[in-house]
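Here's the structure we're looking at; comments come further down.
Derivation of every value follows stated rules applied to the coordinates shown; laboratory data play no part. Fair warning: this is a prediction, and the values are worked out from it, not measured in the lab.
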Amino acid sequence: MPGSHGSLTKAGKVRQQTPKIKRTGVNSKKKKPPRRRYRALYKQRIVDGRYGGQQDSLGAKRASYKRK
């Protein structure tokens, strides 16, 4: 099988043509690397004793009952 699969002059053609879309909504903030994210969650749950999720979720309410 001589040669390569397609010419190198066409490399990256599609990616260059696609328009750049701005991040919106949930994805607007760049996510922290897992190491930093897990450290923050550990601090919230273990050190501070707070629930790691949303404040008015069922899990947070259950966690608040356990703390009392």
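Summary of computed values
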quantity	calculated
Top of Lys22, Lys30, Lys13 by mean-square fluctuation, Gaussian network on the chain, Cα under 10 Å	Lys13
Helix-only [θ]222 nm of the chain, DSSP H runs n ≥ 4, -39500 (n - 2.57) each, per residue, nearest 500	-9500 deg cm²/dmol
Set of lysines with alpha-carbon distance to Lys31 below 26 Å, sequence-local pairs under 8 removed	Lys20, Lys22, Lys43
Length added when fully stretched, Lys61-Lys30, from 0.36 nm per residue minus Cα-Cα	8.3 nm
q = 0.18, 0.19, 0.20, 0.23 Å⁻¹, the chain: log10 I(q)/I(0) [Debye, one scatterer per Cα]	-0.87, -0.92, -0.96, -1.06
